[in-house]
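One structure is given below, encoded as structure tokens.
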Amino acid sequence: MGEAERRRMNRMPAALAPARPRTRRRVFALTLLAALAGSLVLATGASADFITPESGGGSANAENIDTLYKLILAVATVVFVGVEGVLLYSMIRFRARKDAVPAQIRGNTRLEIGWTLGAAGILVILAIVTFVMLDEIRNPPNSDADGFATQRIVNVQNASAYQPRPPNGRALNIEVNGQRYVWRYTYPDGDDNVLNNTFSYETLVVPTKTTVTLTIKAQDVAHSWWIPKLGGKADAVPGHTNFTWFKVKEPGTFRGQCAELCGRNHADMLAKVVAVEPDQFKTWLENKRREIDANNKAAEERRKQETQDTAAGDSPTEDQEPTESETESQTPAQDEGP
Ligand SMILES: [Cu+2]
């Protein structure tokens, strides 16, 4: 008997052995359990903010993005577990050895129409829910009654994108300017001249309960504004104005960073949003204004001093020119010389 023949003979009893339903059921149960456990580990609650978007600032856009993501993830998990479950069950339950003739079944029209309509129905429902929620994600709400007093948003120059604004048209509109490698924030002051506005770098201070709209620009290369807990990213592109918004409920600090590789020190381009109570914000804004004014005044004095010094002599070394009395006292001494 040849080697191949013997192997074939040895395999025969196994192929003909009667099914062992209890073992199969146990394998199936264990597999299903593993699949369920796996999907639970991947599910939202077990790993909050790990696979789902961050939120927590109370800003409706970030919350809605997060909710929408979790909703779709839940539906997808149910579909995944269902499909994989049926697949694994069929593989184990109807497993057959070589040469077995499978049951001859042709298509089941009712079943096929059923799962086609089912899948389409799930997609339609998800699409409707998405479009309903998209409105609250894109369009800012009004500030709360006890929020910071804001002005009407005026049209931004060179705005080439749609600027969402609250129903009453009022918001604290702050310009975010990306530059290598820092974020600059310009706060509104009510007049058309932006050169004398209050500004800050890196840390953006905002009032709570107030709709903050951001006008996002870049002055050198493309950057990307991103504070994960306050919503999605917004690209800062030279020559183009982008918009986003947020409305923070409670005071807090929200960190982020530039999300577009913009050069050697891209990693240092951090951003921080500090939300404070509206009256605290008012005080901060006034203090910042005073600080900037004081610095401007000091710079002006220095400039004036330098102008005077330059007028007094042609070169800086001549600034230390001896005074008249010194000159007089020196001159006779020189004259007394031999
Ligand atoms: Cu950058």
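Express the C-alpha Rg of segment 215-274 as a ratio against the empirical globular expectation 2.2 N^0.38 Å, rounded to two decimals.
Details: Rg = 11.8 Å, N = 60, 2.2 N^0.38 = 10.4 Å.
Dividing the Cα Rg of segment 215-274 by 2.2 N^0.38 Å gives 1.14.
Strictly over 21 Å apart at the Cα level, which of K70/K217; K272/K297; K229/K282; K249/K282 would you flag in this model?
Those over the limit are K70/K217; K272/K297; K229/K282.
With a 10 Å radius around each residue's Cβ, average the other Cβ atoms per peptide and rank 32-40, 105-113, highest first.
32-40, 105-113
Counting Lys and Arg as +1 and Asp and Glu as -1, what is the net charge of the other residues whose Cβ lies under 9 Å from the Cβ of I153?
Surrounding charge for I153 is +3.
Placing +1 at every Lys and Arg Cβ and -1 at every Asp and Glu Cβ, with all other atoms neutral, what dipole size does segment 159-291 have around its Cα centre, in debye to the nearest 20?
With only Lys, Arg, Asp and Glu charged at Cβ, the dipole is about 320 debye.
Have a look at I65, V124, Y89 and report the one farthest towards the positive end of the charge dipole of segment 53-171, computed about the Cα centre with Cβ charges (Lys/Arg +1, Asp/Glu -1).
Y89
Rounded to the nearest 10 Å², what accessible area does E84 have for a 1.4 Å probe in the complete protein model?
60 Å²
By per-residue mean of other Cβ atoms within 10 Å, what is the highest-first order of 274-286, 189-201?
Those peptides, ordered most packed to least, come out 274-286, 189-201.
Extension gain Y201-A267, at 0.36 nm per residue separation less the Cα-Cα distance, in nm? Walk me through the numbers on the way to the answer.
Values: separation 66, 0.36 × 66 = 23.76 nm, distance 1.60 nm.
Extra length from Y201 to A267 when fully extended: 22.2 nm.
For segment 250-306, what mean projected area does the convex hull of the alpha carbons give, in nm²?
So the mean shadow area of the Cα hull is 6.4 nm².
About its Cα centre, what dipole magnitude does segment 79-185 give when the only charges are +1 on Lys and Arg Cβ and -1 on Asp and Glu Cβ, stated in debye to the nearest 20?
500 debye
The values are calculated or read from the model by the stated rules, or taken from the named source; none is laboratory data. Computed from a predicted structure; not experimentally measured. Glycine gets a Cβ as well: all are built from the backbone with ideal geometry, and neighbour counts include every protein chain shown. Side chains are part of the model used for accessible areas, which takes the heavy atoms of the whole protein and leaves out ligands, DNA and RNA. Shrake-Rupley method; radii C 1.70, N 1.55, O 1.52, S 1.80 Å.
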